[in-house]
Amino acid sequence: MKSIRELYRIGLGPSSSHTMGPRTAAEKFLTTHKGAAGFEVTLYGSLAATGKGHMTDVAIIDALEQAGVPVNIVWKPDIFLPYHPNGMTFKSLNSAGLPEDEWTVYSVGGGAIEEEGKAREGQAEIYDRDTMTSILQYCERTGRCYWEYVDQCEGEGIWEYLAEIWKAMKEAVERGLETEGRLPGPLNLRRKAHTYKVKAEGYKDNLRTRGLVFAYALAVSEENASGHKIVTAPTCGSCGVVPGVLYHLWKSRDFSEKQILRALATAGLVGNIVKHNASISGAEVGCQGEVGVACAMASAAASQLFGGSPAQIEYAAEMGLEHHLGMTCDPVCGLVQIPCIERNAYAAARALDANIYASFTDGSHRVSFDKLVKVMKETGHDLPSLYKETAAGGLAKDYKQMD
């Protein structure tokens, strides 16, 4: 597996696969075609189907217009390239408007891009184990924690990086809590995070806890929907779950920054295992690969913070993902708003429940996390394309937007 730096990325929303990935691809193409007289970019499949709602065209044009030449976007939502649903072809044009060079690349989730037949871009493989079972066995045998295994594979520099990630997460929560008004787009949704926080503070104990977790997760997700700076955890569409849980525990339980960073490392390891062995792309496996994986990450982080053993942490992560199996990705109007924002808040609460449930056990259970990841991948591939970020089925089907 590669570094968790490839999983946690600071960037602009609303979508890691539909906004961050295409922007990265456009910037890369521009570096070798600065003398072009113009550009044409063709978007395929899921990338084209919900690209306008996800501001894919805005991201690409913003990157390529630095060359000061025209940029034309071609939308082909009915054509799915075989390698991945999020395909795009960049063409550089000469002064006569004819293609000089072209490049087909895929946005594979979490902001990463990949070419067919080539190794995924980014850092080299640095983990010598790539399954939860093998890592759990290593931890049991050596007495180490998951975060210690991350430290061993990543090196000391990872803590400075995770400190930046945590800082960006906190800032997203706090900005989201302070901002009121409506979200961009035709749905005319009102922001809810501020109101939820105010209401939650009027309750006691359990209701207060739930309300605040909702508020923190909503705050980040609403920032993402507004195209503001967030952290992929593991994606933009699921960016509210992990910070929602960690911010709440940091504020309410007085965990130290060091403890939070270690929990982030463990959460990153869980997400990395899924990314390596299955997918975190909603266009490829549905929302189970986004919100489901985020819930697993947050469940593991919470379990570690509350003193869970390696086996209990694995169980918490397994439950966090298991109960999102088969979840469709069907964004209404192609926006990362309905049902995405609400799912983040609900998954944050479920992560806390998974931790509590696991804490009552000794960590032993029948279905391993690795088995679950395999099933999630198979389930995602069996889902029809209209339930995988095309906004053609499910909740998004025949939706009539409000005036």
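Modelled spin labels at ALA96 and GLU148, positioned 7 Å past Cα toward Cβ, are 6.8 nm from each other. Legend: Rg and Dmax of segment 88-155, from Cα coordinates, 20.3, 67 Å.
3J(HN,Hα) along segment 344-360, derived from phi through the Karplus expression 6.51 cos²θ - 1.76 cosθ + 1.60 where θ = phi - 60°, amounts to 4, 5, 5, 5, 4, 5, 5, 5, 5, 5, 4, 4, 4, 4, 5, 5, 7 Hz, with x in place of Gly and Pro. If the label point is 7 Å along Cα→Cβ of THR32, which residues in segment 90-115 have backbone nitrogen under 16 Å from it? Counting only backbone N, you get 90-93, 100-106, 113-115. Computed with a 1.4 Å probe over protein heavy atoms only, the accessible surface of the chain comes to 41 Å² per residue. Relative to its Kirkwood radius, the Cα radius of gyration of segment 10-140 gives an Rg/Rh of 1.08. Computed from Cα positions, the angle between helix 132-142 and the longest principal axis of the chain comes to roughly 40 degrees. Length gained on full extension, GLU378 to ALA163, computed as 0.36 nm times the residue gap minus the Cα-Cα distance: 73.9 nm. Under a 5 Å amide H cut-off, with hydrogens placed 1.01 Å from N, ARG191 pairs with GLY181, ARG182, LEU183 among residues at least 5 apart or on other chains.
Ordering 362-371, 52-61 by mean Cβ neighbour count within 10 Å, with the highest value first, yields 52-61, 362-371.
For segment 323-338, backbone phi angles converted through the Karplus equation (6.51, -1.76, 1.60; θ = phi - 60°) give residue-by-residue couplings of 8, 10, 4, x, 5, 7, 10, 9, x, 5, 6, x, 9, 8, 9, 10 Hz, Gly and Pro being listed as x. For the chain, the share of accessible area belonging to carbon and sulfur comes to 49 percent (1.4 Å probe, ligands and nucleic acids excluded).
In this structure, the residue pairs whose Cα-Cα separation is over 28 Å, taken from LYS170/LYS374; LYS192/LYS374; LYS170/LYS275, are LYS170/LYS374; LYS192/LYS374.
Between the listed residues MET132, ALA263, PRO384, the Cα displaced farthest toward the positive end of the dipole of the chain, a dipole computed from Cβ unit charges relative to the Cα centre, is found at ALA263.
Projecting the Cα atoms of ALA351, SER364, PRO331 onto the charge dipole of segment 314-396, computed from C-beta unit charges around the Cα centre, puts PRO331 farthest toward the positive end. If R0 equals 30 Å, the separation of the Cβ atoms of ARG182 and LEU386 corresponds to a calculated FRET efficiency of about 0.55. Working ranking of peptides 320-326, 216-222, 31-37 by packing, defined as the average number of other Cβ atoms within 10 Å per residue, highest first, is 216-222, 320-326, 31-37.
Rounded to the nearest Hz, the phi-derived 3J(HN,Hα) couplings of segment 386-399 under the Karplus curve 6.51 cos²θ - 1.76 cosθ + 1.60 (θ = phi - 60°) are 5, 9, 10, 6, 9, 6, 9, x, x, 4, 7, 5, 6, 6, where x marks glycine and proline. Among GLN288, CYS239, LEU249, flag the residue with its Cα farthest along the positive direction of the charge dipole of segment 201-331, charges on Cβ as +1 for Lys/Arg and -1 for Asp/Glu. Comparing the listed Cα positions along the dipole, LEU249 ranks first. Taking every Cα-Cα distance in segment 106-227 and sorting them into 5 Å bins starting at zero, the pair-distance distribution P(r) comes out as 2, 9, 12, 12, 13, 13, 14, 12, 9, 3, 1, 0 percent. Both radii were evaluated on the Cα set of segment 306-362; the Rg over Rh quotient, with Rh as the Kirkwood radius, amounts to 1.11.
With a cut-off of 15 Å between beta carbons, the residues surrounding GLU180 carry a summed charge of +3, where Lys and Arg count +1 and Asp and Glu -1.
The values are calculated or read from the model by the stated rules, or taken from the named source; none is laboratory data. This one's a predicted model, so the numbers in the text were calculated from it and none came from an experiment. Every residue, glycine among them, receives a Cβ derived from its backbone with ideal geometry; neighbour counts consider all protein chains shown. Side chains included, ligands, DNA and RNA excluded: accessible areas come from the protein's heavy atoms. Shrake-Rupley method; radii C 1.70, N 1.55, O 1.52, S 1.80 Å.
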